[in-house]
Amino acid sequence: MARFFVTGSSDGIGRETARQLIAAGHHVVLHARTVVRAGDARRALPKAAGVVVGDLASLSQTRDLARTAADAGPFDAVVHNAGVGGQLTDRTPTTDGLERIFQVNVVAPYLLTAIMPTPKRLVYLTSRLQSAGRAHLDDLQWEQRDWDGRQAYCDSKLYDLMLALAVARLWPHVITNGVDPGWIRTRMGGPGATDDLPEGADTQVWLASASEPAALATGRYLKHRVEQRPNPQALDVDLQSGLLAALDTITGVQLTS
Ligand SMILES: NC(=O)c1ccc[n+]([C@@H]2O[C@H](COP(=O)([O-])OP(=O)(O)OC[C@H]3O[C@@H](n4cnc5c(N)ncnc54)[C@H](OP(=O)(O)O)[C@@H]3O)[C@@H](O)[C@H]2O)c1
């Protein structure tokens, strides 16, 4: 039995990832945005080892979450799954004054990664739409451009992949990969999505728990267990370093190598 932490496991792909890991006999700690959602998660997955709570749209709650989750560890793998889509029609700052999609999808996994004890494996959820992302390190908060929620989501998924590949480079002892789960029928994916929920969790479960050599390589972007070609910007070490420096400045927490 191994130990896992899955963010955003009250619903969708995260809950299915946790469900598959629990069904395989593992110890899985869930994460929910609120106490109410934690109750929902617990009812959906009663065999989970526990649920930790924290709104990733809040820096202070994300810091507290990192500490609570650390106390519930150590973990063999952490799956950074939680995320919001690009449906916001206006730029919506959080109480920290950050653009919401960027904070939930990018700042939060960075902060959790930097604060929590290092697991043996890390998985970051990105998307096929990372290919349409454009790195704007000079305007991460969408203060200088007209708002485009879909583009903000694409950019956030590019940043997630940049984060995964940067962590893989800085922490060669941690097996770290980014995953496009496919187009999955969830609240975010919508009813018209082409792929089933179990398929959307399969690669993350495999990367987090399998012992076969193909699951143990680091620094890759995968879909359906197969390595894909990432957006070239995700591979750009200068851009990766610039993103980490910006996240360090925003959070006051450095990702130490
Ligand atoms: N579905 C797809 O087709 C697809 C495709 C490519 C990539 N992805 C990625 O896969 C991941 C999961 O997507 P999904 O389709 O499963 O989405 P989903 O059904 O909307 O579930 C998202 C999960 O993240 C949690 N979450 C959202 N905002 C949060 C916040 N501020 N604080 C804490 N938790 C928060 C949600 O909690 P609540 O339920 O309480 O809001 C929920 O548990 C995301 O990173 C997404 O970008 C999905």
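Where a number appears in this text, it was derived from the coordinates with a stated rule and is not lab data. Nothing here was measured: the structure is a model prediction, and the numbers come from that model. A quick note on method: Cβ atoms are made from the backbone with ideal geometry, for glycine too, and the neighbour counts reach across all protein chains shown.
Remind me, relative contact order of the range 35-141 in percent, using alpha carbon pairs under 8 angstrom and six or more residues apart?
Values: 99 pairs, mean separation 32.4, N = 107.
Here the relative contact order equals 30 percent.
If I build a Gaussian network model for the chain, linking alpha-carbon pairs within less than 10 angstrom, which residue out of HIS136, HIS80, HIS27 has the largest mean-square fluctuation?
Ranking HIS136, HIS80, HIS27 by mean-square fluctuation puts HIS136 first.
Where a Cα-Cα gap under 14 Å defines reach, which aspartates and glutamates qualify for LYS120, not counting those fewer than 8 residues away within the same chain?
Answer for LYS120, where 14 Å is the Cα cut-off: ASP76, listed by chain and number.
For the chain, what log10 I(q)/I(0) values come out of the Debye formula at q = 0.08, 0.13, 0.14 1/Å, with one point per alpha carbon and no solvent?
-0.26, -0.74, -0.88
Using a Förster radius of 30 Å, what is the FRET efficiency between ALA44 and ASP146 based on their Cβ-Cβ separation? Nearest 0.05, please. Write down the numbers at each step before the final one.
Details: r = 39 Å, r/R0 = 1.31.
The pair ALA44/ASP146 has a calculated efficiency of 0.15.
Could you please rank VAL107, VAL79, placing first whichever residue has the fewest other Cβ atoms within 10 Å of its Cβ? Display every interim value, and only then the final one.
Working: VAL107 25, VAL79 31.
The most exposed by this proxy come first: VAL107, VAL79.
Report Rg(Cα)/(2.2 N^0.38 Å) for the range 58-137, keeping two decimals. Can you show the working numbers first?
Working: Rg = 13.8 Å, N = 80, 2.2 N^0.38 = 11.6 Å.
Here the answer is 1.19, to two decimals.
Determine the dipole magnitude for the chain: charges of +1 sit on the beta-carbon of Lys and Arg, -1 on that of Asp and Glu, nothing else is charged, the reference point is the Cα centre, and the result goes in debye to the nearest 20. Don't jump to the answer; show the numbers that get you there.
On the way: 26 positive and 27 negative charges, 154 e Å.
My answer is approximately 740 debye.
Using Cβ counts within 10 Å as a stand-in for footprinting exposure, how do PHE75, PHE102, PHE5 rank, fewest first? Please report the intermediate quantities before stating the final value.
On the way: PHE75 25, PHE102 21, PHE5 29.
Lowest to highest Cβ neighbour count: PHE102, PHE75, PHE5.
Treat every Asp and Glu Cβ in the range 34-105 as -1 and every Lys and Arg Cβ as +1, leave all other atoms uncharged, and give the resulting dipole magnitude about the Cα centre to the nearest 20 debye.
On the way: 8 positive and 8 negative charges, 48 e Å.
The calculation lands at about 240 debye.
Quick check for you: which residues of the range 160-192 have the amide N under 19 Å from the point 7 Å beyond the Cα of ALA24 toward its beta carbon?
174-182
Kirkwood-based Rg over Rh for the range 163-214 (C-alpha set), two decimals?
Details: Rg = 13.7 Å, Rh = 12.6 Å.
Result: Rg/Rh = 1.08.
Picking from ASP139, ASP64, ASP160, which is most flexible by a Gaussian network model of the chain using Cα springs under 10 Å?
Comparing ASP139, ASP64, ASP160 in a Gaussian network model of the chain, the most mobile one is ASP139.
Would you list the P(r) distribution for the range 123-257, with all Cα-Cα distances sorted into 10 Å bins from 0 and each bin expressed as a whole %?
So the P(r) values, bin by bin, are 12, 39, 34, 13, 1.
In whole Hz, with x marking every Gly and Pro, tabulate ³J(HN,Hα) for the range 143-158 from phi via Karplus 6.51 cos²θ - 1.76 cosθ + 1.60, θ = phi - 60°.
With the stated coefficients, the range 143-158 comes to 9, 10, 10, 5, 5, 9, x, 5, 5, 4, 5, 4, 4, 5, 6, 5 Hz.
Of THR113, THR186, THR203, which has the largest mean-square fluctuation in a 10 Å C-alpha GNM of the chain?
It is THR186.
Normalising by the residue count of the chain, find the relative contact order in percent from Cα pairs under 8 Å and 6+ residues apart. Intermediate results must be reported in sequence, preceding the final value.
Numbers: 529 pairs, mean separation 48.3, N = 257.
This gives 19 percent for the chain.
Sorting THR92, THR17 on the 10 Å Cβ count, fewest up front, what's the list?
Details: THR92 13, THR17 30.
Sorted ascending by nearby Cβ count, the order is THR92, THR17.
For a Förster distance of 30 Å, can you work out the FRET efficiency between the beta-carbons of ASP196 and LEU235, rounded to the nearest 0.05?
On the way: r = 31 Å, r/R0 = 1.02.
For ASP196 and LEU235, the calculated efficiency is 0.45.
Check cross-link reach from LYS223 to the aspartates and glutamates: straight Cα distance under 19 Å, and skip same-chain residues fewer than eight apart.
In chain and number order, the partners are GLU16, ASP155, ASP160, ASP180, ASP195, ASP196, GLU199, ASP202, GLU212.
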